[in-house]
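Worksheet: the structure to be examined is printed underneath.
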Amino acid sequence: MVIAEWGERVETMTEDLAATRREFHRIPEIGFEEYETSALIAQKLRALGLQPRTGIGGTGVVALIEGAHPGKTLLMRADMDGLPIEERTGLPYASTHPGRMHACGHDTHVTMLLAAAQLLLERREDLHGCVKLVFQPAEEGLGGARAMIEDGVLENPHVDAAIGCHIWNDMPVGLVGVREGPIMAASDRIKITIEGQGGHGAMPHHAVDAIATAAQVVTTLQTIVSRRVSPLQAGVVTIGTIHGGYASNIIADRVEMQGTVRSFDEDVWEQMPIQIEQVVTGVCAAMGVRGTVEYHRGVPTTVNDSGMTKLVREAAIEALGEERVVVPEQSTGGEDMSLFLRAAPGCFFYVGSQNPAKGADKPHHHPEFEVDEDAMPNGVKVLVASALRYLGKTAD
Ligand SMILES: [Zn+2]
Ligand SMILES: [Zn+2]
């Protein structure tokens, strides 16, 4: 099998993968500020003989691998932003940027896509169509995928399918996770403002208490998931901040709260703003205060297409063996890969990177987050095998 040849080649690249990943790990930048990162990506793409386009959707980078034969276009996406976290791993290749850290593993995504590009370039003869390499800024809640789509990344050439992956510390190294349907949640943001009337803490009957109302609102919001969403569907309403009040003997006239809302199913996603509005305005009306909700849509559910999921699963089994390809749990985390998957059928898969023996057991976004770098060859193999399948002669 041809896969054996390049599969072995990936094994020989393992040290290079680690070295490249560490280069990126040292220079984390947050969303839309990935100047050094995108310059380094562009430099590495040029070294491969590609002609990257930079500044797409802010700091995004795009490059096209043209197969030897005409055909479809497969988008392969890596996000590249870090987080506003001070790294505490103590590793020799830890962040050199104060207050910035690759704590979600996006440095490995960039590395794996660069390696996949190198291997696919060597296999241009086998490609019927194009691979569009997309290095996306600002995945962490700042709208990088949207910015790139608005900047035309899905056209010229038109994208027919999309794949991407996330390094995954919830899954042991050696495994990859491929799941059809919803895999990551829709993620929205809410801000609730409650306006009562201030007064003396000893004379509540002369005031309208915003804090007592806020307490009712927080409690009642929890009944949306427990009483209104079907027990067979999932949802989360979390109030993460609550601010109000001045002193122990003053009744607060105003409370502001912020929260996050997660769901998987389209109908739950559509109902959430309506039900949250009902709870806030209803409870506030009962308490005689004014309540308002600002509901901000974040990213929709990440949904894997059945045909593309089958293709990626088969590619993963071919590349890694059946026992290493699992169906992962859904995650209530949000992902803006969802926007690419809304525009084109595709599959977003997980690359297991957990290994307590190497200190790779912290959750994503933790200041001591580290991955087992031996995960990366698995991701590269699945990316390359999927692209060869999609753009191979047998693809229709
Ligand atoms: Zn993240
Ligand atoms: Zn991430």
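The values are calculated or read from the model by the stated rules, or taken from the named source; none is laboratory data. Just so you know, these numbers come straight off a predicted model, no measurement behind them. As a convention, Cβ positions derive from the backbone with ideal geometry for all residues, glycine included, and neighbour counts pool all protein chains shown. Calculation scope for accessible area: heavy atoms of the full protein, side chains included, ligands and nucleic acids excluded. Shrake-Rupley method; radii C 1.70, N 1.55, O 1.52, S 1.80 Å.
Summary table below
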quantity	calculated
Accessible surface, the chain, averaged per residue in Å² (probe 1.4 Å)	43
Leading residue at positive end of dipole, segment 139-213 (Cβ point charges), from A207, I149, G196	A207
Compactness of segment 124-210, expressed as Rg and Dmax over alpha-carbon positions, Å	24.4, 82
Cα→Cβ-extended label distance, 7 Å offset, between A215 and E329, nm	3.3
Stretch gain in nm, segment I3-I250, where the contour uses 0.36 nm per residue and the Cα spacing is subtracted	81.8 nm
GNM flexibility winner over the chain from C284, C165, C130 (Cα, springs under 10 Å)	C284
D267-T241 FRET efficiency (beta carbon distance; Förster radius 30 Å; 0.05 resolution)	0.60
For the chain, share of DSSP beta bridges that run antiparallel, in % to the nearest 5	65
Dipole magnitude of the chain, debye to nearest 20 (Cβ charges: Lys/Arg +1, Asp/Glu -1, about Cα centre)	380
Kirkwood estimate for segment 38-93, i.e. one over the average of 1/r between Cα atoms, Å	14.0
Portion, in percent, of the accessible area of the chain that falls on carbon or sulfur, probe 1.4 Å	51
222 nm mean residue ellipticity, helices alone, for the chain (DSSP H n ≥ 4; -39,500 (n - 2.57); rounded to 500)	-11000 deg cm²/dmol
Rounded if a/c under 1.5, otherwise prolate or oblate - the chain, Cα gyration tensor axes	prolate
In nm, spacing of pseudo-spin labels at E155 and E195 (7 Å Cα→C-beta vector)	4.3
Cα gyration tensor shape for segment 11-151, rounded if a/c is under 1.5, else prolate or oblate	oblate
Filtered GluC sites (Glu not before Pro), segment 61-136: DSSP coil and at most 16 other beta carbons within 10 Å	E86, E122
Trypsin sites (Lys or Arg not before Pro) restricted to DSSP loop in segment 87-140 with at most 16 other C-beta within 10 Å	R88
Separation in nanometres of the label points that stand 7 Å from Cα toward Cβ, at R297 and L232	2.7
Rg over Rh [alpha-carbon atoms, Kirkwood Rh] for segment 185-299	1.03
FRET efficiency, A68 to H365 (Cβ-Cβ, R0 51 Å, nearest 0.05)	0.75
Additional length obtainable on full extension of the chain from S306 to D16, 0.36 nm per residue less Cα span	101.0 nm
Members of K310/K358; K44/K362; K44/K132; K44/K381; K310/K362 lying beyond 26 Å, as alpha-carbon distances in this model show	K310/K358; K44/K362; K310/K362
